[in-house]
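Participant: Take this structure, written in structure tokens, and hold onto it; I'll ask about it next.
The values are calculated or read from the model by the stated rules, or taken from the named source; none is laboratory data. As the structure is a computational prediction, the values presented were derived from the model and not from experiment. Quick reminder, even Gly has a Cβ in these numbers, built from the backbone with ideal geometry, and neighbours come from all protein chains shown.
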Amino acid sequence: MGTLTIGVFSSLIGSMNLDFAVKLSEAAADKGHNVNLWLSGNATILAQKGQKEFLDYSYLIEKIKSLQEKGVQVGACEACSEGRGIHAGDVIEDITFIGMDWYVAKAAKSDRVLHIGVE
Amino acid sequence: MGTLTIGVFSSLIGSMNLDFAVKLSEAAADKGHNVNLWLSGNATILAQKGQKEFLDYSYLIEKIKSLQEKGVQVGACEACSEGRGIHAGDVIEDITFIGMDWYVAKAAKSDRVLHIGVE
Amino acid sequence: MKLGVFYSELRGNHDVLFRLKAEKLGIFLVSNGIYHAIIKEKGEPSPVLQKQGADYYVLSEDLQTRGFSTDEVDSNVKVVTYSDIADHIMNDYDKLAWL
Amino acid sequence: MKLGVFYSELRGNHDVLFRLKAEKLGIFLVSNGIYHAIIKEKGEPSPVLQKQGADYYVLSEDLQTRGFSTDEVDSNVKVVTYSDIADHIMNDYDKLAWL
Amino acid sequence: MSNKILFVVQRPPYKSENPKLAITHAMSCYTADMHIDEEVEPTLAYVGDGVLNCIKDQKAEEIYGIVSTDQHLKIQLTGDMKILVCKEDMERLGIQEERLVDGRDLGADMDLNVVTFEEILKEMDEGCDHLMFF
Amino acid sequence: MSNKILFVVQRPPYKSENPKLAITHAMSCYTADMHIDEEVEPTLAYVGDGVLNCIKDQKAEEIYGIVSTDQHLKIQLTGDMKILVCKEDMERLGIQEERLVDGRDLGADMDLNVVTFEEILKEMDEGCDHLMFF
């Protein structure tokens, strides 16, 4: 089994890239791979507590909790979050609130890196 | 003097469209026009309190306050905000937290409408 | 109609722009749309500038933000400021479209 | 290198894709990239499908999300699931690029 | 006096939220009179790659848990919203009319109106007070 | 053993945050050893429309109050980061070499390296362990 690190920079709602990253993380974790998931740029919105579920909008918090139960490590970019008004106390439990060096370190030690660097 | 309504759907940081909307609102208000500014989609992030200033990131809260002092009315989409975890109590003072009908009503009664419906 | 069109991207499908018709048509190049006023890809001016009868404007602030200056702008394009754009849209165009 | 490329948009500058070279190249059409496997614009297959020697994949879930079915897919493109993609990227490609 | 807004969608669904916001903003016109005591009448038009929003049987709800764009369009048809789809763009992309959303599935009296780009231009020119492009 | 990551920027600046995040993520490699006790070495490469990031004298700070991309690049050059710019793309877009960021303004010993796409491909193939495209 290998290690896969996925970085995603796309917003929670509308850009389906974040949905993609979450579903691929789940598929890889279910096969026994170690998975790290990095949220940067607009993707940090997914780290914020209190997202309300609407049928129209991607609602991924429950999926993130389920990924964490499967051992997926989730990190969110501290600076990207704070620029958007999301501070440490606003972040969902067990999401690592940290600098970009966490991500590049995880990536460096992974067998595969899928970096989704678009909106 | 006329009325200009600007709707913007682009995210706070990175997409410069929100910066554009704020600067154009300012230019029009300075000429004595009535201006309404509508934040929807990812632009609702601008309505959230507590955004930290970084030199790297667009920081528009102070500009919004200054626009409001010039009489610009600012509205933010309630559903778009709540899907992102931003609730009424999190929203900057004097921003109208409201449904989309507010925007289309303002638009209908305006001389000009500039709708920035892209990310 | 008197239509003011805003163009903010370098790439994308220009097809809708090419098919637009209006009694008076103004095209405002802003944000990454400013590259159309500057870049001659493989030596050719941008296809976005080929709309017959249109008035072209480029936002000075967005040119400078990207490292370009007024004297590099295509001769068919007029350099304007935010203040000028506010006047144009309130005075010269009755409908606006951000493509 | 064995390079897996992800393609998620319908429009844009395909130029970088056209110039990529790799010992083994896989192109995964996902999100709005799936249209390249389906749409024949003016009767022609997408230029994205013209990369010689590449293996093409399209994500079944994203086809269905957009109202298309497996039997509409270009014959050069293999339909895969999230689970298949997880296997391909962990087993068949050592580097990945999301264009 | 009725105020008319034309919502023009020119981008495909699901890559950003915005094509869907075109529908919800159009729908919100029906309650705009709460704010201005006048009616606001919406028309939706799909042009360019935007016509891909109108393909039927989208499975976004089953796969990603979000209401699909075709479901939204059907609901607007039951509410008698006027929805135009550009014929030339369907031809360019090879989309047959039978692939489009059918409002009658939900009991609507109306279908999508497949019209020429010229007719959409006329709607932009004479049929509305303001434009909103998505 | 050093781990190498190649950051490839293929889109112009300022339309999304992401081309700038390429630089900040590359820079963060220098402190990655806090997490893994190994060095991570970044290289930045600008290809396609991404070469437009490298134009000098961007006035983003004066006009929009945000640090410009050329300022970021200069700082990386003073830190000796290896930065490649695709020659063919500069030619295609008509950009002369003297229009590019000059690290010597800030006292850097290094300039941007204008190289062929073939050399960037070689960097992708042999010069790194992982790719990050922006």
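Participant: Would you mention how many residues in region B:99-116 are more than 9 Å from chain E (Cβ to nearest Cβ) and within 19 Å of A:Leu55 (Cα to Cα)?
Facilitator: Number of matching residues: 0.
Participant: Okay, next question. I'm told B:His33 meets every condition in (1) crowded, with 19+ Cβ neighbours inside 10 Å; (2) touching a residue at least 40 places away in the same chain (Cβ under 8 Å); (3) away from chain E (no Cβ under 14 Å) except one. Can you identify the failing condition by its number?
Facilitator: Unmet for B:His33, out of (1) crowded, with 19+ Cβ neighbours inside 10 Å; (2) touching a residue at least 40 places away in the same chain (Cβ under 8 Å); (3) away from chain E (no Cβ under 14 Å): (2).
Participant: Restricting attention to region B:78-99, which residues are outside any loop (DSSP other than H, G, I, E, B) and of a type outside the set (Gly, Ala, Ser)?
Facilitator: The answer is B:Glu78, B:Cys80, B:Glu82, B:Asp90, B:Val91, B:Thr96, B:Phe97, B:Ile98.
Participant: Moving on to the next point. Out of E:Lys4, E:Lys20, which single residue is under 25 Å from B:Ser110 (Cβ atoms), within 12 Å of chain A (Cβ to nearest Cβ), of a type in the set (D, E, K, R) and touching a residue at least 40 places away in the same chain (Cβ under 8 Å)?
Facilitator: Residue meeting the stated conditions: E:Lys20.
Participant: Looking only at region E:34-66, count every residue that is crowded, with 16+ Cβ neighbours inside 10 Å, over 19 Å from the mean Cα position of the chain (by Cα) and part of a loop (DSSP other than H, G, I, E, B) and tell me the total.
Facilitator: 1
Participant: Continuing with this model, one more query. I need the full set of residues from region A:68-90 which are surrounded by 21 or more Cβ atoms within 10 Å (Cβ to Cβ), more than 14 Å from chain F (Cβ to nearest Cβ) and modelled with pLDDT of 95 or more, in order please.
Facilitator: Those that are surrounded by 21 or more Cβ atoms within 10 Å (Cβ to Cβ), more than 14 Å from chain F (Cβ to nearest Cβ) and modelled with pLDDT of 95 or more: A:Val72, A:Val74.
Participant: Kindly list the number of the only condition in (1) under 19 Å from D:Gly4 (Cβ atoms); (2) free of Cβ contacts under 8 Å to residues at least 12 places away in the same chain that fails for D:Gly53.
Facilitator: That leaves (2) as the condition not met.
Participant: So, one more: If the requirement is being of a type outside the set (D, E, K, R), closer than 25 Å to B:Lys106 by Cα, surrounded by fewer than 16 Cβ atoms within 10 Å (Cβ to Cβ) and modelled with pLDDT of 95 or more, which of these qualifies: E:Thr116, E:Thr31?
Facilitator: E:Thr31
Here's the yes/no breakdown for (1) within 13 Å of chain F (Cβ to nearest Cβ); (2) without any contact (Cβ under 8 Å) to a residue 24 or more places away in the chain; (3) of a type in the set (Lys, Arg):
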residue: A:Ala28; (1), (2), (3): no, no, no
residue: A:Lys52; (1), (2), (3): no, yes, yes
residue: A:Leu55; (1), (2), (3): no, yes, no
residue: A:Val118; (1), (2), (3): yes, no, no
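Participant: With the structure loaded, tell me whether E:Gly107 is within 13 Å of chain A (Cβ to nearest Cβ) and surrounded by fewer than 18 Cβ atoms within 10 Å (Cβ to Cβ) or whether it fails that test.
Facilitator: Judged against the criteria, E:Gly107 is not a match.
Quick grid of which residues meet (1) under 18 Å from E:Ile95 (Cα atoms); (2) within 11 Å of another protein chain (Cβ to nearest Cβ); (3) crowded, with 19+ Cβ neighbours inside 10 Å:
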{"residue": "D:Asn13", "(1), (2), (3)": "no, yes, no"}
{"residue": "D:Tyr35", "(1), (2), (3)": "yes, yes, yes"}
{"residue": "D:Gln52", "(1), (2), (3)": "no, no, no"}
{"residue": "D:Leu59", "(1), (2), (3)": "no, yes, yes"}
{"residue": "D:Gly67", "(1), (2), (3)": "yes, yes, yes"}
{"residue": "D:Ser75", "(1), (2), (3)": "no, no, no"}
{"residue": "D:Thr81", "(1), (2), (3)": "no, yes, no"}
{"residue": "D:Ala97", "(1), (2), (3)": "no, yes, yes"}
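Participant: May I ask you to say which residue of D:Ile34, D:Ile39 is within 22 Å of C:Asp15 (Cα to Cα), in contact with a Ser or Thr (Cβ under 9 Å, 6 or more places away or on another chain), modelled with pLDDT of 95 or more and in a helix (DSSP H, G or I)?
Facilitator: Exactly one residue qualifies, and that residue is D:Ile34.
Participant: Does region C:31-48 hold any residues that are more than 18 Å from F:Gly50 (Cα to Cα) and of a type outside the set (D, E, K, R), and which are they?
Facilitator: Matches in region C:31-48: C:Gly43, C:Pro45, C:Pro47, C:Val48.
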